[in-house]
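The values are calculated or read from the model by the stated rules, or taken from the named source; none is laboratory data. The structure displayed is predicted, hence computed values, not measured ones. Here the Cβ positions follow ideal geometry from the backbone for every residue, glycine too, while neighbour counts run over all protein chains shown. Heads up: the accessible areas ignore ligands, DNA and RNA and are worked out on the full protein's heavy atoms, side chains in. Shrake-Rupley method; radii C 1.70, N 1.55, O 1.52, S 1.80 Å.
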Amino acid sequence: MEHLELFFKSIFIDNMVFATFLGMCSYLAVSKKVSTAVGMGAAVIFVLAVTVPLNWLLDQYILQDGALAWLGPEYAQYDLSFLSFILFIATIATMVQLVEIVVEKFSPSLYNSLGIFLPLIAVNCAILGGSLFMQSREIETIGLALNYGVASGIGWFLAIVAIAAIREKIRYSNVPAPLRGLGITFIITGLMAIGFMSFGGMLTSSGNKEEADTENVGVKTEMLQQEKIESTQIVEVSKITKQ
Amino acid sequence: MGLLSKKDAKLIMDPLLDNNPITIQVLGICSALAITAELKASIVMAVSVMFVLGMGNVVISLMRNIIPSKIRIIVQLVVVAALVIIVDLVLKAFAYELSKTLSVFVGLIITNCIIMGRFEAFALANKPWRSFLDGIGNALGYGLILIIVGFFRELLGSGTLLGFKVLGDPIEKTGVYSIGYENNGFMLLSPMALIIVGLIIWVQRSRNTTLIED
(Lines give C-alpha, C1' and ligand atoms only; values in the text may rest on other atoms or scores of the structure.)
Protein backbone atom coordinates (compact mmCIF):
# COMPACT_ATOMS: atom_id res chain seq x y z
CA MET A 1 0.00 0.00 0.00
CA GLU A 2 2.80 2.33 0.96
CA HIS A 3 4.52 1.50 -2.31
CA LEU A 4 1.41 2.06 -4.38
CA GLU A 5 0.74 5.38 -2.71
CA LEU A 6 4.29 6.67 -3.25
CA PHE A 7 4.13 5.44 -6.83
CA PHE A 8 1.00 7.38 -7.76
CA LYS A 9 1.97 10.37 -5.68
CA SER A 10 5.31 10.68 -7.48
CA ILE A 11 3.79 10.28 -10.92
CA PHE A 12 0.79 12.58 -10.63
CA ILE A 13 0.74 14.77 -7.53
CA ASP A 14 4.42 15.58 -7.20
CA ASN A 15 5.06 15.36 -10.92
CA MET A 16 8.62 16.51 -11.56
CA VAL A 17 7.75 18.87 -14.37
CA PHE A 18 4.41 20.25 -13.28
CA ALA A 19 4.81 20.49 -9.53
CA THR A 20 8.51 21.18 -9.05
CA PHE A 21 9.70 22.33 -12.50
CA LEU A 22 12.60 19.90 -12.60
CA GLY A 23 14.23 19.07 -15.89
CA MET A 24 12.55 21.98 -17.63
CA CYS A 25 15.52 22.75 -19.85
CA SER A 26 15.62 19.43 -21.62
CA TYR A 27 11.83 19.29 -21.38
CA LEU A 28 11.64 22.39 -23.56
CA ALA A 29 14.59 21.57 -25.78
CA VAL A 30 13.78 17.96 -26.73
CA SER A 31 9.99 18.17 -26.99
CA LYS A 32 9.65 19.19 -30.61
CA LYS A 33 8.92 15.65 -31.81
CA VAL A 34 7.18 12.77 -30.05
CA SER A 35 9.78 10.19 -31.10
CA THR A 36 12.72 12.06 -29.57
CA ALA A 37 10.63 12.88 -26.52
CA VAL A 38 9.97 9.17 -25.98
CA GLY A 39 13.70 8.44 -26.21
CA MET A 40 14.60 11.17 -23.75
CA GLY A 41 11.82 10.16 -21.35
CA ALA A 42 12.92 6.53 -21.39
CA ALA A 43 16.51 7.56 -20.69
CA VAL A 44 15.40 9.67 -17.73
CA ILE A 45 13.37 6.79 -16.23
CA PHE A 46 16.36 4.51 -16.65
CA VAL A 47 18.91 6.86 -15.07
CA LEU A 48 16.60 7.85 -12.20
CA ALA A 49 15.93 4.19 -11.45
CA VAL A 50 19.68 3.62 -11.11
CA THR A 51 20.85 6.79 -9.38
CA VAL A 52 18.14 7.31 -6.75
CA PRO A 53 18.68 3.96 -4.96
CA LEU A 54 22.45 4.40 -5.30
CA ASN A 55 22.36 7.83 -3.76
CA TRP A 56 20.01 6.49 -1.11
CA LEU A 57 22.74 4.02 -0.11
CA LEU A 58 25.34 6.80 -0.07
CA ASP A 59 23.08 8.99 2.02
CA GLN A 60 22.22 6.22 4.45
CA TYR A 61 25.69 4.80 5.00
CA ILE A 62 28.04 7.75 4.47
CA LEU A 63 26.42 11.16 4.49
CA GLN A 64 23.76 11.33 7.19
CA ASP A 65 24.46 12.47 10.70
CA GLY A 66 25.93 9.45 12.45
CA ALA A 67 25.71 7.31 9.31
CA LEU A 68 29.34 6.23 9.64
CA ALA A 69 28.54 4.31 12.84
CA TRP A 70 28.90 1.03 10.96
CA LEU A 71 32.66 1.70 10.79
CA GLY A 72 32.90 1.74 14.56
CA PRO A 73 31.54 3.78 17.47
CA GLU A 74 34.22 6.45 17.18
CA TYR A 75 32.93 7.42 13.74
CA ALA A 76 29.34 7.92 14.89
CA GLN A 77 29.85 11.62 15.61
CA TYR A 78 30.54 12.64 12.02
CA ASP A 79 27.94 14.45 9.93
CA LEU A 80 29.01 14.62 6.31
CA SER A 81 25.71 15.83 4.90
CA PHE A 82 27.33 19.02 3.57
CA LEU A 83 29.12 16.81 1.05
CA SER A 84 25.91 15.47 -0.41
CA PHE A 85 25.76 17.79 -3.44
CA ILE A 86 29.21 16.89 -4.64
CA LEU A 87 28.82 13.15 -3.98
CA PHE A 88 25.38 12.97 -5.59
CA ILE A 89 26.43 14.79 -8.72
CA ALA A 90 29.61 12.72 -8.99
CA THR A 91 27.56 9.53 -8.70
CA ILE A 92 25.17 10.77 -11.34
CA ALA A 93 27.88 11.82 -13.77
CA THR A 94 29.78 8.57 -13.43
CA MET A 95 26.62 6.44 -13.58
CA VAL A 96 25.52 8.18 -16.75
CA GLN A 97 28.91 7.53 -18.29
CA LEU A 98 28.84 3.90 -17.15
CA VAL A 99 25.31 3.36 -18.38
CA GLU A 100 26.33 4.79 -21.72
CA ILE A 101 29.28 2.39 -22.03
CA VAL A 102 27.28 -0.66 -20.90
CA VAL A 103 24.33 0.08 -23.14
CA GLU A 104 26.62 0.65 -26.11
CA LYS A 105 28.31 -2.71 -25.52
CA PHE A 106 25.28 -4.90 -24.90
CA SER A 107 22.41 -3.31 -26.74
CA PRO A 108 23.45 -1.24 -29.75
CA SER A 109 19.84 -0.74 -30.81
CA LEU A 110 18.91 0.76 -27.45
CA TYR A 111 22.10 2.82 -27.61
CA ASN A 112 21.09 4.21 -30.95
CA SER A 113 17.76 5.35 -29.60
CA LEU A 114 19.00 6.60 -26.21
CA GLY A 115 22.59 7.39 -27.12
CA ILE A 116 22.47 11.07 -27.91
CA PHE A 117 20.36 11.84 -24.84
CA LEU A 118 22.54 10.19 -22.26
CA PRO A 119 25.21 12.90 -22.00
CA LEU A 120 22.43 15.50 -21.73
CA ILE A 121 21.04 13.67 -18.75
CA ALA A 122 24.01 14.21 -16.45
CA VAL A 123 23.07 17.86 -16.23
CA ASN A 124 19.32 17.35 -16.20
CA CYS A 125 17.99 18.86 -12.98
CA ALA A 126 15.37 16.11 -12.76
CA ILE A 127 18.07 13.56 -11.96
CA LEU A 128 19.82 15.52 -9.22
CA GLY A 129 16.44 16.79 -8.05
CA GLY A 130 15.26 13.20 -7.67
CA SER A 131 18.18 12.42 -5.38
CA LEU A 132 17.84 15.65 -3.38
CA PHE A 133 14.11 15.19 -2.86
CA MET A 134 14.76 11.59 -1.88
CA GLN A 135 17.11 12.95 0.78
CA SER A 136 14.88 15.77 2.01
CA ARG A 137 11.74 13.62 2.13
CA GLU A 138 13.59 11.01 4.19
CA ILE A 139 12.52 7.97 2.22
CA GLU A 140 12.91 4.98 4.50
CA THR A 141 13.88 1.84 2.56
CA ILE A 142 15.84 1.15 -0.59
CA GLY A 143 12.72 -0.41 -2.11
CA LEU A 144 10.85 2.84 -1.66
CA ALA A 145 13.82 4.76 -3.07
CA LEU A 146 13.78 2.60 -6.20
CA ASN A 147 10.03 3.04 -6.42
CA TYR A 148 10.38 6.81 -6.07
CA GLY A 149 13.05 6.95 -8.78
CA VAL A 150 11.05 4.90 -11.29
CA ALA A 151 7.77 6.69 -10.55
CA SER A 152 9.17 10.20 -10.86
CA GLY A 153 10.85 9.09 -14.07
CA ILE A 154 7.50 7.91 -15.40
CA GLY A 155 5.94 11.23 -14.39
CA TRP A 156 8.61 13.10 -16.33
CA PHE A 157 8.15 10.75 -19.30
CA LEU A 158 4.40 11.40 -19.37
CA ALA A 159 4.94 15.14 -19.22
CA ILE A 160 7.45 15.32 -22.05
CA VAL A 161 5.48 12.99 -24.33
CA ALA A 162 2.29 14.96 -23.70
CA ILE A 163 3.89 18.34 -24.47
CA ALA A 164 5.62 16.93 -27.56
CA ALA A 165 2.31 15.67 -28.90
CA ILE A 166 0.69 19.06 -28.27
CA ARG A 167 3.60 20.90 -29.90
CA GLU A 168 3.35 18.71 -32.98
CA LYS A 169 -0.31 19.63 -33.33
CA ILE A 170 0.06 23.29 -32.50
CA ARG A 171 2.41 23.86 -35.43
CA TYR A 172 -0.69 24.04 -37.59
CA SER A 173 -2.52 26.54 -35.38
CA ASN A 174 -2.51 30.25 -35.81
CA VAL A 175 -0.61 31.36 -32.72
CA PRO A 176 0.25 35.08 -32.39
CA ALA A 177 3.69 35.47 -33.95
CA PRO A 178 5.63 36.62 -30.84
CA LEU A 179 4.28 33.67 -28.87
CA ARG A 180 5.27 31.04 -31.42
CA GLY A 181 7.67 28.35 -30.24
CA LEU A 182 8.84 29.01 -26.72
CA GLY A 183 6.15 31.37 -25.48
CA ILE A 184 3.17 29.18 -26.24
CA THR A 185 5.01 26.13 -24.88
CA PHE A 186 5.42 27.90 -21.54
CA ILE A 187 1.76 28.82 -21.40
CA ILE A 188 0.60 25.32 -22.39
CA THR A 189 2.85 23.83 -19.73
CA GLY A 190 1.29 26.19 -17.22
CA LEU A 191 -2.19 25.07 -18.23
CA MET A 192 -1.15 21.42 -18.06
CA ALA A 193 0.27 22.05 -14.59
CA ILE A 194 -3.08 23.46 -13.51
CA GLY A 195 -4.68 20.29 -14.87
CA PHE A 196 -2.24 18.10 -12.94
CA MET A 197 -3.02 19.99 -9.75
CA SER A 198 -6.44 18.40 -9.78
CA PHE A 199 -4.75 15.07 -8.97
CA GLY A 200 -3.90 16.63 -5.62
CA GLY A 201 -7.16 15.41 -4.15
CA MET A 202 -6.44 11.82 -5.12
CA LEU A 203 -4.74 10.68 -1.92
CA THR A 204 -6.24 13.07 0.57
CA SER A 205 -6.99 10.37 3.13
CA SER A 206 -3.35 9.61 3.83
CA GLY A 207 -1.33 12.02 1.64
CA ASN A 208 1.32 13.92 3.54
CA LYS A 209 1.09 16.84 1.16
CA GLU A 210 -2.32 17.92 2.38
CA GLU A 211 -1.16 17.80 5.97
CA ALA A 212 1.88 19.86 5.13
CA ASP A 213 -0.30 22.40 3.35
CA THR A 214 -2.69 22.81 6.26
CA GLU A 215 0.29 23.09 8.56
CA ASN A 216 1.68 25.87 6.41
CA VAL A 217 -1.61 27.73 6.47
CA GLY A 218 -1.73 27.34 10.23
CA VAL A 219 1.75 28.77 10.61
CA LYS A 220 0.89 31.68 8.32
CA THR A 221 -2.26 32.64 10.23
CA GLU A 222 -0.33 32.35 13.46
CA MET A 223 2.32 34.70 12.08
CA LEU A 224 -0.36 37.14 10.92
CA GLN A 225 -1.98 37.12 14.33
CA GLN A 226 1.37 37.72 15.99
CA GLU A 227 2.06 40.64 13.70
CA LYS A 228 -1.35 42.07 14.52
CA ILE A 229 -0.69 41.77 18.22
CA GLU A 230 2.68 43.45 17.81
CA SER A 231 1.22 46.30 15.79
CA THR A 232 -1.56 46.89 18.34
CA GLN A 233 1.09 46.92 21.03
CA ILE A 234 3.03 49.55 19.11
CA VAL A 235 -0.11 51.64 18.76
CA GLU A 236 -0.76 51.36 22.47
CA VAL A 237 2.81 52.30 23.30
CA SER A 238 2.65 55.33 21.06
CA LYS A 239 -0.65 56.37 22.69
CA ILE A 240 0.94 56.09 26.10
CA THR A 241 3.96 58.16 25.07
CA LYS A 242 1.66 60.82 23.63
CA GLN A 243 -0.18 61.04 26.88
CA MET B 1 31.52 52.85 -18.41
CA GLY B 2 35.09 54.01 -18.00
CA LEU B 3 36.39 50.73 -16.66
CA LEU B 4 35.00 48.56 -19.38
CA SER B 5 35.70 48.69 -23.08
CA LYS B 6 32.74 48.64 -25.46
CA LYS B 7 33.19 44.95 -26.12
CA ASP B 8 33.21 44.16 -22.41
CA ALA B 9 30.12 46.25 -21.77
CA LYS B 10 28.36 44.33 -24.51
CA LEU B 11 29.11 41.10 -22.64
CA ILE B 12 27.11 42.40 -19.70
CA MET B 13 24.33 44.19 -21.53
CA ASP B 14 23.53 41.56 -24.17
CA PRO B 15 22.21 38.86 -21.85
CA LEU B 16 19.97 41.38 -20.11
CA LEU B 17 17.69 41.80 -23.10
CA ASP B 18 18.34 40.43 -26.55
CA ASN B 19 20.19 37.32 -25.48
CA ASN B 20 18.48 36.71 -22.17
CA PRO B 21 19.40 33.29 -20.79
CA ILE B 22 15.84 32.42 -19.79
CA THR B 23 13.66 33.83 -22.53
CA ILE B 24 16.00 33.46 -25.51
CA GLN B 25 18.66 30.86 -24.73
CA VAL B 26 16.15 28.73 -22.76
CA LEU B 27 18.64 27.96 -20.01
CA GLY B 28 18.13 27.73 -16.28
CA ILE B 29 14.39 27.54 -16.23
CA CYS B 30 14.10 24.74 -13.70
CA SER B 31 15.16 26.72 -10.69
CA ALA B 32 13.79 29.98 -12.01
CA LEU B 33 10.17 28.99 -11.66
CA ALA B 34 9.87 27.07 -8.46
CA ILE B 35 11.11 29.71 -6.05
CA THR B 36 9.56 32.88 -7.44
CA ALA B 37 6.45 32.98 -5.22
CA GLU B 38 8.27 35.55 -3.06
CA LEU B 39 10.43 38.43 -4.22
CA LYS B 40 12.97 37.88 -1.45
CA ALA B 41 13.63 34.28 -2.45
CA SER B 42 14.00 35.35 -6.09
CA ILE B 43 16.59 37.96 -5.18
CA VAL B 44 18.58 35.55 -3.02
CA MET B 45 18.48 32.98 -5.80
CA ALA B 46 19.66 35.55 -8.36
CA VAL B 47 22.56 36.61 -6.15
CA SER B 48 23.56 32.99 -5.48
CA VAL B 49 23.56 32.20 -9.17
CA MET B 50 25.59 35.34 -9.86
CA PHE B 51 28.22 34.24 -7.36
CA VAL B 52 28.39 30.68 -8.67
CA LEU B 53 28.38 31.66 -12.34
CA GLY B 54 30.91 34.49 -11.99
CA MET B 55 33.36 32.49 -9.91
CA GLY B 56 32.80 29.27 -11.84
CA ASN B 57 33.42 30.96 -15.16
CA VAL B 58 36.73 32.32 -13.86
CA VAL B 59 37.85 28.96 -12.49
CA ILE B 60 36.91 27.06 -15.65
CA SER B 61 38.50 29.72 -17.80
CA LEU B 62 41.75 29.47 -15.84
CA MET B 63 41.74 25.69 -16.25
CA ARG B 64 40.54 25.67 -19.85
CA ASN B 65 43.87 24.54 -21.26
CA ILE B 66 44.48 21.71 -18.83
CA ILE B 67 41.06 20.04 -18.74
CA PRO B 68 40.97 16.97 -21.00
CA SER B 69 37.89 17.40 -23.14
CA LYS B 70 36.60 13.88 -22.43
CA ILE B 71 36.09 14.44 -18.73
CA ARG B 72 35.31 18.12 -18.83
CA ILE B 73 31.70 17.67 -17.77
CA ILE B 74 32.70 15.95 -14.56
CA VAL B 75 35.34 18.61 -13.86
CA GLN B 76 32.78 21.35 -14.44
CA LEU B 77 30.25 19.65 -12.19
CA VAL B 78 32.80 19.35 -9.38
CA VAL B 79 33.70 23.05 -9.65
CA VAL B 80 30.04 24.08 -9.56
CA ALA B 81 29.24 21.67 -6.75
CA ALA B 82 32.05 23.09 -4.61
CA LEU B 83 30.81 26.67 -5.18
CA VAL B 84 27.21 25.68 -4.48
CA ILE B 85 28.20 24.04 -1.21
CA ILE B 86 29.72 27.38 -0.17
CA VAL B 87 26.48 29.19 -1.07
CA ASP B 88 24.39 26.60 0.74
CA LEU B 89 26.45 26.79 3.93
CA VAL B 90 26.44 30.61 3.89
CA LEU B 91 22.66 30.65 3.46
CA LYS B 92 22.18 28.12 6.25
CA ALA B 93 24.38 30.19 8.54
CA PHE B 94 22.96 33.66 7.87
CA ALA B 95 19.45 33.14 6.48
CA TYR B 96 18.20 29.85 7.83
CA GLU B 97 14.49 30.53 7.23
CA LEU B 98 15.16 31.45 3.63
CA SER B 99 17.32 28.40 3.04
CA LYS B 100 14.35 26.30 4.23
CA THR B 101 12.10 28.01 1.67
CA LEU B 102 14.60 27.43 -1.11
CA SER B 103 15.06 23.81 0.09
CA VAL B 104 16.57 21.65 -2.62
CA PHE B 105 16.67 24.45 -5.15
CA VAL B 106 19.96 25.78 -3.84
CA GLY B 107 21.43 22.37 -4.60
CA LEU B 108 19.83 22.44 -7.99
CA ILE B 109 21.97 25.44 -8.97
CA ILE B 110 24.52 22.71 -9.76
CA THR B 111 22.44 21.43 -12.61
CA ASN B 112 21.18 24.87 -13.58
CA CYS B 113 21.70 24.76 -17.30
CA ILE B 114 22.82 28.40 -17.41
CA ILE B 115 25.96 27.44 -15.58
CA MET B 116 26.93 24.45 -17.68
CA GLY B 117 25.78 26.29 -20.79
CA ARG B 118 28.02 29.31 -20.16
CA PHE B 119 30.97 27.08 -19.19
CA GLU B 120 30.66 25.19 -22.43
CA ALA B 121 29.84 28.12 -24.66
CA PHE B 122 32.08 30.80 -23.22
CA ALA B 123 34.47 30.01 -20.38
CA LEU B 124 36.17 27.15 -22.21
CA ALA B 125 37.24 29.46 -25.00
CA ASN B 126 37.87 32.83 -23.36
CA LYS B 127 40.18 34.61 -20.93
CA PRO B 128 39.24 34.85 -17.22
CA TRP B 129 38.21 38.54 -17.12
CA ARG B 130 35.92 38.28 -20.13
CA SER B 131 34.50 35.04 -18.76
CA PHE B 132 33.82 36.75 -15.45
CA LEU B 133 31.92 39.55 -17.19
CA ASP B 134 30.01 37.04 -19.26
CA GLY B 135 29.05 35.16 -16.11
CA ILE B 136 27.90 38.30 -14.33
CA GLY B 137 25.97 39.46 -17.38
CA ASN B 138 24.13 36.19 -17.78
CA ALA B 139 23.40 35.96 -14.08
CA LEU B 140 21.97 39.50 -14.25
CA GLY B 141 19.74 38.54 -17.16
CA TYR B 142 18.59 35.50 -15.24
CA GLY B 143 18.06 37.56 -12.09
CA LEU B 144 16.07 40.16 -14.01
CA ILE B 145 13.49 37.62 -15.12
CA LEU B 146 13.39 36.05 -11.67
CA ILE B 147 12.78 39.41 -10.06
CA ILE B 148 10.06 40.39 -12.54
CA VAL B 149 8.25 37.08 -11.99
CA GLY B 150 8.75 37.26 -8.22
CA PHE B 151 7.50 40.84 -8.14
CA PHE B 152 4.22 40.08 -9.86
CA ARG B 153 3.61 36.82 -8.05
CA GLU B 154 4.16 38.31 -4.61
CA LEU B 155 2.30 41.56 -5.34
CA LEU B 156 -0.77 39.93 -6.85
CA GLY B 157 -0.66 36.74 -4.81
CA SER B 158 -0.13 37.98 -1.29
CA GLY B 159 -0.30 41.78 -1.67
CA THR B 160 3.17 42.23 -0.24
CA LEU B 161 6.63 43.09 -1.54
CA LEU B 162 9.63 41.70 0.34
CA GLY B 163 7.15 41.03 3.15
CA PHE B 164 5.93 44.65 3.40
CA LYS B 165 2.18 45.07 2.98
CA VAL B 166 2.17 47.56 0.12
CA LEU B 167 -1.49 47.08 -0.71
CA GLY B 168 -2.84 47.41 2.84
CA ASP B 169 -3.91 44.80 5.34
CA PRO B 170 -6.24 42.07 4.03
CA ILE B 171 -7.58 41.27 7.53
CA GLU B 172 -8.29 44.80 8.73
CA LYS B 173 -9.46 45.83 5.25
CA THR B 174 -7.19 48.83 4.82
CA GLY B 175 -5.67 50.21 1.61
CA VAL B 176 -7.05 48.73 -1.59
CA TYR B 177 -8.71 45.96 0.38
CA SER B 178 -11.22 48.52 1.70
CA ILE B 179 -12.75 48.81 -1.77
CA GLY B 180 -13.20 45.07 -2.12
CA TYR B 181 -9.87 43.98 -3.65
CA GLU B 182 -8.88 40.39 -2.92
CA ASN B 183 -5.52 38.66 -3.18
CA ASN B 184 -5.30 36.26 -6.08
CA GLY B 185 -4.08 33.13 -4.29
CA PHE B 186 -3.70 31.46 -7.66
CA MET B 187 -0.59 33.53 -8.32
CA LEU B 188 1.19 31.70 -5.52
CA LEU B 189 0.71 28.33 -7.22
CA SER B 190 3.48 27.08 -9.44
CA PRO B 191 1.68 27.07 -12.82
CA MET B 192 1.37 30.85 -12.77
CA ALA B 193 5.15 31.22 -12.90
CA LEU B 194 5.15 29.46 -16.27
CA ILE B 195 2.36 31.62 -17.58
CA ILE B 196 4.08 34.84 -16.44
CA VAL B 197 7.30 33.79 -18.17
CA GLY B 198 5.22 33.06 -21.28
CA LEU B 199 3.79 36.58 -21.11
CA ILE B 200 7.26 38.10 -20.63
CA ILE B 201 8.38 36.27 -23.77
CA TRP B 202 5.33 37.61 -25.58
CA VAL B 203 6.09 41.21 -24.61
CA GLN B 204 9.78 40.87 -25.41
CA ARG B 205 9.22 39.35 -28.83
CA SER B 206 6.56 41.84 -29.80
CA ARG B 207 9.05 44.62 -29.08
CA ASN B 208 11.88 42.98 -30.96
CA THR B 209 10.40 41.11 -33.90
CA THR B 210 13.75 39.64 -35.01
CA LEU B 211 13.49 37.20 -32.12
CA ILE B 212 10.32 35.53 -33.39
CA GLU B 213 10.70 31.80 -34.13
CA ASP B 214 9.62 30.07 -37.36
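Shape call for region B:111-214 from the C-alpha gyration tensor, a ≥ b ≥ c root eigenvalues: rounded (a/c under 1.5), prolate (a/b greater than b/c) or oblate?
Prolate, because a/c is 1.5 or more and a/b exceeds b/c.
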**Study point:** Charge dipole magnitude, Cβ of K and R +1, D and E -1 - region B:56-214, Cα centre, debye nearest 20
**Key:** 600
Check your understanding: Roughly how crowded by other chains is peptide A:18-30, in terms of the mean Cβ count from those chains within 10 Å of each of its Cβ atoms?
Key -> 6
Practice item. State, to one decimal in nm, how far the label point of A:PHE82 lies from the label point of B:THR210, with both points 7 Å from Cα in the Cβ direction. Key: 4.8
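Mind listing which chymotrypsin sites (Phe, Trp or Tyr not before Pro) in region B:112-192 are in a DSSP loop and have 15 or fewer other Cβ atoms within 10 Å?
B:TYR181
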Practice item. Run the quick spin-label model on A:SER136 and B:SER5: label points 7 Å from Cα toward the beta carbon, then report their separation in nm to one decimal. Key: 4.4
Check your understanding: For labels at B:ARG72 and B:GLU172 in the simple 7 Å Cα→Cβ model, what's the distance in nm?
Key -> 6.0
**Study point:** Gyration tensor verdict on region B:1-97 (Cα atoms; rounded if a/c is under 1.5, prolate if a/b is larger than b/c, oblate otherwise)
**Key:** oblate
Practice item. Loop only per DSSP, at most 11 neighbouring Cβ atoms within 10 Å: give me the GluC sites (Glu not before Pro) in region A:96-174, ordered by residue number. Key: A:GLU138, A:GLU140
**Study point:** Gain in span if fully extended, A:LEU110 to A:ASP65, counting 0.36 nm per residue against the direct Cα distance
**Key:** 12.2 nm
Study note, to complete from the structure: Ordered by number, the trypsin sites (Lys or Arg not before Pro) in region A:1-98 that occupy a DSSP loop and have at most 14 other Cβ atoms within 10 Å are A:LYS33
Practice item. Using a 10 Å cut-off on Cβ to Cβ distances, tally the other chain neighbours for every residue of A:131-139 and report the average as a whole number. Key: 2
Check your understanding: Taking GluC sites (Glu not before Pro) as exposed when DSSP calls them loop (any state but H, G, I, E, B) and at most 14 other Cβ atoms lie within 10 Å, what is the longest stretch of chain B free of them, the sites themselves excluded?
Key -> B:1-171
**Study point:** Average partner coverage of A:80-86, which counts Cβ from other chains inside 10 Å
**Key:** 5
Review point. So for A:ASP65, B:ASP8, A:ASP79, what's the accessible-area order with a 1.4 Å probe, most first?
Key: A:ASP65, A:ASP79, B:ASP8
Check your understanding: If you put +1 on each Lys and Arg Cβ and -1 on each Asp and Glu Cβ, how big is the dipole of the protein assembly as shown around its Cα centre, in Debye rounded to 20?
Key -> 1800
Review point. Which three semi-axes in whole Å describe the equivalent ellipsoid of the protein assembly as shown, each the square root of 5 times a Cα gyration tensor eigenvalue, listed largest first?
Key: 35, 29, 26
Point to revise | Tail weight of P(r) past 29 Å, computed on alpha-carbon pairs of chain B, percent | key: 33
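At 1.4 Å probe size, put B:ILE201, B:ILE66 in order of accessible surface, largest to smallest.
B:ILE66, B:ILE201
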